[in-house]
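Quick note: the coordinates plus some simple rules give every number you see, no bench work behind them. All values reported here derive from a predicted model rather than from experimental measurement. Quick reminder, even Gly has a Cβ in these numbers, built from the backbone with ideal geometry, and neighbours come from all protein chains shown.
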Amino acid sequence: MKAVVQHEYGPAERVLSVEDIPTPKPAAREVLVRVRAASMHPDIWHVVEGTPLALRLFGNGLRRPSRQVPGTDLAGRIEAVGDAVTRFRVGDDVFGETVPLGWLNGGAYAEYAVVAEDMLVLKPDTITYEQAAAVPASGFIALSNIGLSRSFEGMDVLINGGGGCVGMFAIQMARAKGAVVTAVDCASRLDLMRSLGATHVIDYARLDVTQQPERYDFIMDVASTLSHGEYRRILKPDGVYVPIGHAFYGKARGRMGGRIVGSLPYFIGQLVLNMLNPRTRNSVNFPTKQEAMATMKALIETGALTPRLGRTYGLPDVAEAMRAMQDTSILGRIVIVP
């Protein structure tokens, strides 16, 4: 089969190539998926570049990738099933993630991939393979922080970075829970955020949200640009703040870290602050991958969640797709079509 292969860490243009490799065989609780679409997202950049270096400790290899085919989010059709598989059968259309942790090469940028059955759910008929592949990683991050059971009815929610792929899902999920959503991003993304359900949209270049009189019950800082003092000014006394963490493809420095640890110090610091706060700590309830995928599938089927696509690329163009992902003029998820 054709697959994108990575033999070392570094810039995508140098370390990625399309090669013929053996088609994998599913283990007892795995399925073989004919990949119809696989998404490009920031964790792919981290794994291909191998930076920050600390992320290599999570299992992808210290000196070179031990898993050589990138990609984690996919949608496709099941071609074979392992002996112990009970949830799917050959011919089912599915979508999900190939690995439980995004900082690993997951094998999705290939014509075929093997996936554990509990990482997948049936693809809704109402969306395409490309739309389905755009959901798993970003949707899981958004849902994990919005929460499965947290109520937002009538609450004021701020999504900082609402025009990115995580932010787009967060807007829709918060709206589905009854929130009044204010979304912040650049001017070119304001119309998109309105179309997703944001009641108020702010161009960060024209208006500093932290200097406005409004206060919020819940702030999701997808862009990770708000300091502790800044978000405290606009957070209600009993409000909740959650950081997502974004290293901006190695461009962020200072408080965001650098080549060794990236944004981990900032993110861990904010997480510690949240866990020391009993109100925030009690609101944390991370779903399993299967719970999250089932919830997102249900939201898609009811029309509450609609994946937005940017551009599609073929396997030979993965390096170009990675460059395009860093272009803020592209709205929606970039997808690889084998």
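Per-structure values
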item	result
Net +/- balance of residues flanking Glu320 in space, Cβ distance below 12 Å, scoring K and R +1, D and E -1	-1
Sequence-distant residues sharing a close amide H with Leu309 (under 5 Å, placed H)	Arg333
Cβ-based exposure ranking for Asp125, Asp317, Asp73, in which fewest neighbours within 10 Å come first	Asp125, Asp317, Asp73
Value at 222 nm in deg cm²/dmol, rounded to 500, when DSSP H runs of n ≥ 4 in the chain each add -39,500 (n - 2.57)	-7500 deg cm²/dmol
Residue-wise HN-Hα coupling along the range 139-148, computed from phi with Karplus coefficients 6.51, -1.76, 1.60 (Hz; x: Gly, Pro)	x, 5, 4, 5, 5, 4, 8, 5, x, 6
Nearest-ten-degree value, helix 264-276 long axis tilted from longest Cα axis of the chain	60 degrees
Point-to-point label distance, Ala28-Gln326, nm (Cα→Cβ direction, 7 Å offset)	4.5 nm
Part-to-part distance (alpha-carbon centres) for the range 1-75 and the range 162-183, which is given in Å	30 Å
